[in-house]
Amino acid sequence: MVPFLEMHNISKTFPGVKALNHVDLKLYAGEVHAIAGENGAGKSTLMKIMTGVFKADPGGTISIEGEPVEIRDPIHARSLGISIIYQELSMVENLNIAENIFLGNEPLNRAGFVDYRRMNAKASQVLAQLDLDIDPKTKVSELSIGQKQMIEIAKAISYDSRIIVMDEPTASLSQHETETLINLIHALRARNIGIVYISHRLEEIFEIADHVTILRDGVSVDSLKIEAVTRDILVRKMVDRELSELYGDHHSHATDTVVLSTRNLTLKRPSLHGARVRDIQFDLHKGEILGFFGLIGSGRTEIMEMIFGIREYTGHIRINDRPADIRDPGTAIRLGIGFVTEDRKGQGLVLDMTVRENFSLTHLKQYCSATFINSAKEGARCEDFVKTLGIKTPSIEQKVVNLSGGNQQKVAIAKWVARRPQILIVDEPTRGIDVGAKAEVHALLEELASQGMAIIVVSSDLPEIIAISDRVIVIKEGRIGGILSREEAGEEQIMQVATG
Amino acid sequence: MSVADSSANPMPAKARRGRTIWSSFIKIRELNVLAALLVIGALISFATPYFLTVDNLMGVSRSFSLTAIMAIGMVLVIITGGIDLSVGSVMGLASLITALCFDQGMSMPVAISAGLGVGVVFGGFNGVLITVIGLPPFIATLGTLSIGRGMMYMITHGVPLTPDVPDAFVEIGQGYLGVIPIPVVLLIVLTVIFSIIMRQTRFGRHVYATGGNEHAARLSGVKTDRIKLYVYMLSGLISAFAGVISFSRYLSAEPASGFGAELNVIAAAAIGGASLAGGIGSVEGAVIGAALAGIIANGVVLMNIDTYAQQAITGAVIIIAVSLDVLRTKFRR
């Protein structure tokens, strides 16, 4: 049987990184094909090549029903029958369902105006095919996240897609919505549509996939019928690797002094898309590095945002054994908390400001007499940090927008470290930065812990969490799934808790 | 990443070390406008001998000084990512209230304070609408623009107010320090003060951070709402100050005084390199921008060009100046 889509010898090189290395993939009509792998294994890159967002390096070929094709862009991919549903849904909230389904593809009447009657009728047809009982004139903003996903699928069907790629489709769905989605995927398979299914949740893969391809570090490790794999085999194939010497030896500096403790911490107003974080209860000790691991959408970041006063919470936070009422970031900062955010460009740095100005923003007062900034003092301190952290910048007067990702991250960390917070929260400290810089950031965090700082590291990078944490808290669907000691915290154990 | 590292450092080695007084004091963006100012000034002085005389230059400076003073407040607002459309109304109303106080026989300090108070109240009101209620600055200040203008017509019933004022008051708008008109002296003083505030103080730094990335600034502990409230109050106060000067200069508070001034003021800030997206701009730039527009207006008159063309020429200058800026950043990427 000829596969509907065949990708052969696909490689993709980004500056300094080989994201994909000679990967093969065969997709058949009427098959659910799961792609498994850790973050950074190359899953999204492969999907982006399949849907025309990226071009593969020369030497790779893509063929559809045996015919070689060159996929120019996402619209071309769609016309070839390949659609993708991204984790972040892309719909116009203020338009209704029918308008969204036919956006850019509206049926017109003879005068050239949109033929709403035909559009609504066609939309109803597509929705009926999916057994969705919704009026196509409903505004998208009124739908739940799960329903929106269904509409995205309806849109894909309206294009006569032969392959639908779903990237972490259940990450933000409730149990019930997940079941509906799985039923829908079965129905699509019965209509001979091929599904590419990317998910961290292994039980889902076993429930719906016919075939699974495992990627690791840009290489296709194996491609197997689902009957031929067990959960243990799958996990081992996903994570098996030498924990590189890069991480070095770990020394714990944790003491018995509790600096931060939370009781029944619950998110007051969970967003429609986000996890419903509840009953978070843990202690953080002076000198400890506490790792937080969880899948995307599990609610790890929301927990940190509650502690830093960005999100409202119920429950109790105690700092230095005193009750703390944290209503805004200013309060959190005064209580000695620092927060290096996950999204350094959106929340961490003012890109048009210089290294010096970004660095001092958290503790400008330290350089001021009256209200005037002592630039010499500010500059000297900043130079110190640039040297110690090895920030590569032509000068401290360079705008941070011109720095590489790793160096931006170091600036984002430096601005908090310089303030000497008692508690430092770092969310995805090494996302998108190269291996060398990663090791330096880890060394820095350990150094700070040895000086008595209490550090929370949130990461979806398993080897990182294991290498630097004294304890690991695993978050699963908005709750603490387990607290593992350093001895218990192996990759497989953590994955079992996070996905089990 | 190593590739990204090397390409991310476009600055040549020399420029890194040589952070000269010039480049630290006036950033490159302002130099562009300053260069444009000199070039256009030179062109006009070739075309007409009347331009490059002390009398003419002082006259020009005095005529753009009010716009330039208001541009100082405006650029602060623009740097936070906002806009203040109410400056013309506030200026007019402040001049009217000052006149009204003199009309009622009040003393000079009271009259001036009352005028300035108008600015603080309007600016504070703008700030509250924007930070507490969450109105977009464009809408909030559009509303106060109309309110201010409406109040002026209600108070004057369309008739200008020309009270008697003390001689000392007349000096503010009409006097000279040596050859320099007092409004120009005030402009220079304000420029220096606010330039220092924006460069050397915590407040100034926080203004830039708020406009550059409000979210990041807030998470770094900057009280962004308070900063925004302050800049609108300052913009109101400065516009009211311009109103007091204006009344002193003409000694007549017209109901249409300051009408449409907001457009010239915003144009000055934009010509001077301020980005309406926030985070970028400078006090000196805005003042030079106002000077550029003023000199062009003067040149049009001196060269006997149809004065009706003046507005069109100013418009073209705005578009050219800002286009050059945009293209420059585009090609740098």
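The values are calculated or read from the model by the stated rules, or taken from the named source; none is laboratory data. No experiment lies behind these values; they were computed from the predicted model shown. Heads up, the Cβs are rebuilt from the backbone with ideal geometry, glycines too, and the neighbour counts pull from every protein chain shown. Surface areas here come from the heavy atoms of the whole protein model, side chains and all, with no ligands, DNA or RNA. Shrake-Rupley method; radii C 1.70, N 1.55, O 1.52, S 1.80 Å.
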Condition test on B:ILE172, is it more than 14 Å from chain A (Cβ to nearest Cβ) and free of Cβ contacts under 8 Å to residues at least 24 places away in the same chain? no
Criterion first (closer than 28 Å to A:ILE475 by Cα, of a type in the set (Asp, Glu) and touching a residue at least 24 places away in the same chain (Cβ under 8 Å)) does A:ASP321 satisfy it? yes
Do any residues in segment A:340-368 that are more than 7 Å from chain B (Cβ to nearest Cβ) have Cβ atoms under 6 Å from those of residues that are in a strand (DSSP E or B) and surrounded by 20 or more Cβ atoms within 10 Å (Cβ to Cβ), where the two are at least six apart or on different chains, and which pairs are they? A:VAL340/A:VAL426; A:GLU342/A:ASP427; A:TYR367/A:ILE373
So which residues in segment A:375-397 are within 14 Å of another protein chain (Cβ to nearest Cβ) and under 30 Å from the mean Cα position of the chain (by Cα)? A:VAL386, A:GLY390, A:ILE391, A:LYS392, A:THR393
Every residue in segment B:122-138 that is among the hydrophobic types (A, V, I, L, M, F, W, C) and surrounded by 18 or more Cβ atoms within 10 Å (Cβ to Cβ), please. B:PHE122, B:PHE125, B:LEU129, B:ILE130
Residues (under 21 Å from the mean Cα position of the chain (by Cα) and over 24 Å from B:ILE83 (Cβ atoms)) located in segment B:254-263: none
Output for segment A:21-52, where each listed residue is open to solvent by 10 Å² or more (accessible area, probe 1.4 Å) and hydrophobic (A, V, I, L, M, F, W, C): A:ALA29
The lone exception for A:THR331 - which of (1) on the phi < 0 side of the Ramachandran plot; (2) in contact with a helix residue (DSSP H, G or I) (Cβ under 8 Å, 6 or more places away or on another chain) it fails: (2)
Could you tell me which numbered condition B:LEU85 fails, if it satisfies all but one of (1) part of a helix (DSSP H, G or I); (2) open to solvent by 10 Å² or more (accessible area, probe 1.4 Å)? (1)
Checklist (1) within 14 Å of another protein chain (Cβ to nearest Cβ); (2) among the small types (Gly, Ala, Ser); (3) surrounded by fewer than 24 Cβ atoms within 10 Å (Cβ to Cβ) applied to B:ALA261, failing item: (1)
Among the residues of segment A:302-314 satisfying the criterion of being open to solvent by 30 Å² or more (accessible area, probe 1.4 Å) and of a type outside the set (D, E, K, R), which is farthest from A:VAL457 (Cα to Cα)? A:THR314
Here's a check for you: in segment A:398-407, which residue that is more than 7 Å from chain B (Cβ to nearest Cβ) and at pLDDT below 90 is least open to solvent (accessible area, probe 1.4 Å)? A:ASN407
Lone unmet requirement of (1) surrounded by 24 or more Cβ atoms within 10 Å (Cβ to Cβ); (2) more than 20 Å from B:PRO136 (Cβ to Cβ); (3) within 14 Å of another protein chain (Cβ to nearest Cβ); (4) under 20 Å from the mean Cα position of the chain (by Cα) for B:VAL207: (2)
The lone condition A:ARG118 fails out of (1) touching a Pro at 6+ places or on another chain (Cβ under 8 Å); (2) open to solvent by 30 Å² or more (accessible area, probe 1.4 Å); (3) at pLDDT below 90 is (3)
Would you list the helices (runs of 4 or more DSSP H) that sit entirely within segment A:144-234 and hold 1 or more residues that are polar (S, T, N, Q) and either farther than 14 Å from A:GLN87 by Cα or at pLDDT below 90 (or both)? A:145-158, A:175-190
Looking at segment A:424-433, is at least one residue in a helix (DSSP H, G or I), surrounded by 22 or more Cβ atoms within 10 Å (Cβ to Cβ), among the charged types (D, E, K, R) and within 14 Å of chain B (Cβ to nearest Cβ)? no
Out of segment B:210-227, which residues are at the interface with chain A (Cβ under 7 Å from one of its Cβ atoms), in a helix (DSSP H, G or I) and touching a residue at least 24 places away in the same chain (Cβ under 8 Å)? B:GLY212
Answer with yes or no whether A:GLY330 is within 10 Å of another protein chain (Cβ to nearest Cβ) and not in a loop (DSSP other than H, G, I, E, B). yes
Considering only strands (runs of 3 or more DSSP E) fully contained in segment A:17-101, which possess at least 3 residues that are without any contact (Cβ under 8 Å) to a residue 24 or more places away in the chain? A:67-69
Can you find a residue in segment A:447-455 that is part of a loop (DSSP other than H, G, I, E, B), in contact with a Gly (Cβ under 6 Å, 6 or more places away or on another chain), over 21 Å from A:ARG344 (Cα atoms) and away from chain B (no Cβ under 14 Å)? yes
